[in-house]
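K.L.:
Okay, handing you the structure first.
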Amino acid sequence: MGTMRYRSVFDIIGPVMIGPSSSHTAGAVRIGRLARTIFGDLPDEVDIHLYESFAKTYRGHGTDIALVGGILGMDTDDKRLPNSLKLAYEAGVEVAFIPHKDERAEHANTAKLKMAKGDRHLTITGISIGGGNIKLTEINGFNISLSMGTPTFIITHRDVPGMIAKVTNILGAHGINIATMNVTRESKGEKAIMMIEVDSPNVKEVCEEIRNINHLEDVNFFS
């Protein structure tokens, strides 16, 4: 019989959170928050497509509240979380929930967020895999696999030549090894996104260096 290894007690019981279920609340908050981070701004409109278990129970389990709280930048233990729908309305964010109760998805707890502000659009699909852990499976139509269980950079920048080399050269100079890397863009010459999973959580100096690269818009690091 194999043994299961846990890095911390939170891998077993999940993080501190508001709501009845870590899959439906903590995981959902993190999906919303990551979508907001990658979008880089508070959207004017969000269409939230829900699948499988999320579609069937999102109101009763607070998945709707959790996803919107994440989009507003809240964390899993934010006391404002229960009021997120009201706060989104007050902030001028139009939110629509579209449940797909009879449509199959890769995982029981799947949400696709379509965010818009002016002529900017972002689509992200995330799944809540239990215990507050999540995985991103799609960004702007590109299939990806980001577990967010390892240290991860999400870097937004202009789509100009040499950006990937500049970022990876800085990581290499600091002895930080890249585990996986995904790159996507809105369209040629427009906004692009790098998602880099690395082996080291100690990246404060590296973030500052990357932030100073020309044509780079934002650096976020999730440890």
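K.L.:
Touching a residue at least 60 places away in the same chain (Cβ under 8 Å), among the polar types (S, T, N, Q) and in the same structural domain as T37 (by TED's automatic domain parsing): does that describe T57?
P.N.:
Answer is no for this residue.
K.L.:
Exactly one of these conditions fails for R158: (1) at pLDDT 95 or above; (2) assigned by TED's automatic domain parsing to the domain that holds E209. Give me its number.
P.N.:
Exception for R158: condition (1).
K.L.:
If you take the residues of the range 177-198 that are surrounded by fewer than 19 Cβ atoms within 10 Å (Cβ to Cβ) and β-branched (V, I, T), which of them is farthest from the chain's Cα centre (by Cα)?
P.N.:
I178
K.L.:
Could we say that E106 is acidic (D, E) and either at pLDDT 90 or above or part of a strand (DSSP E or B) (or both) here? Explain how you work it out, then say what you get.
P.N.:
On the way: acidic (D, E): yes; either at pLDDT 90 or above or part of a strand (DSSP E or B) (or both): no.
Against the criterion (acidic (D, E) and either at pLDDT 90 or above or part of a strand (DSSP E or B) (or both)), E106 does not qualify.
K.L.:
Being surrounded by fewer than 24 Cβ atoms within 10 Å (Cβ to Cβ) and either at pLDDT 85 or above or under 18 Å from T76 (Cα atoms) (or both) is the filter here; which residues of the range 54-63 pass it?
P.N.:
Let us first name the residues in the range 54-63 that are surrounded by fewer than 24 Cβ atoms within 10 Å (Cβ to Cβ), namely 55-62.
Scanning the range 54-63 gives K56, Y58, R59, G60, H61, G62.
K.L.:
Would the range 188-195 turn up any residue that is farther than 26 Å from I71 by Cα and among the basic types (K, R)?
P.N.:
Quick first cut of the range 188-195, residues farther than 26 Å from I71 by Cα only: 188-189.
Narrowing further to those that are among the basic types (K, R): 188.
Yes - at least one qualifying residue is present in the range 188-195.
K.L.:
Ok, one more. Determine, yes or no, whether H49 is within 17 Å of the chain's Cα centre (by Cα) and part of a loop (DSSP other than H, G, I, E, B).
P.N.:
No, not satisfied.
K.L.:
Find the residue count for the range 147-166, including only residues that are loosely packed, with under 14 Cβ neighbours inside 10 Å and free of Cβ contacts under 8 Å to residues at least 40 places away in the same chain.
P.N.:
Here the count works out to 3.
K.L.:
Then there is this: Under 7 Å between Cβ atoms, at least 6 apart or on separate chains: pull out the pairs that start in the range 78-99 with a residue that is of a type outside the set (A, V, I, L, M, F, W, C) and in a helix (DSSP H, G or I) and end on any residue that is surrounded by 17 or more Cβ atoms within 10 Å (Cβ to Cβ) and at pLDDT 95 or above.
P.N.:
Taking only residues 6 or more apart or on different chains, the pairs are S84/V68; S84/G69; S84/L72.
K.L.:
Scan the range 116-143 residue by residue and report those that are under 17 Å from A28 (Cβ atoms) and buried (at least 21 other Cβ atoms within 10 Å of the Cβ).
P.N.:
Answer for the range 116-143, where residues must be under 17 Å from A28 (Cβ atoms) and buried (at least 21 other Cβ atoms within 10 Å of the Cβ): I124, T125, G126, I127, S128, G132, I134, L136.
The values are calculated or read from the model by the stated rules, or taken from the named source; none is laboratory data. Worth saying up front: this structure is predicted, and the values here are computed from it rather than measured. When we count neighbours, we look across all protein chains shown, and the Cβ atoms used for this are built from the backbone with ideal geometry, even at glycine.
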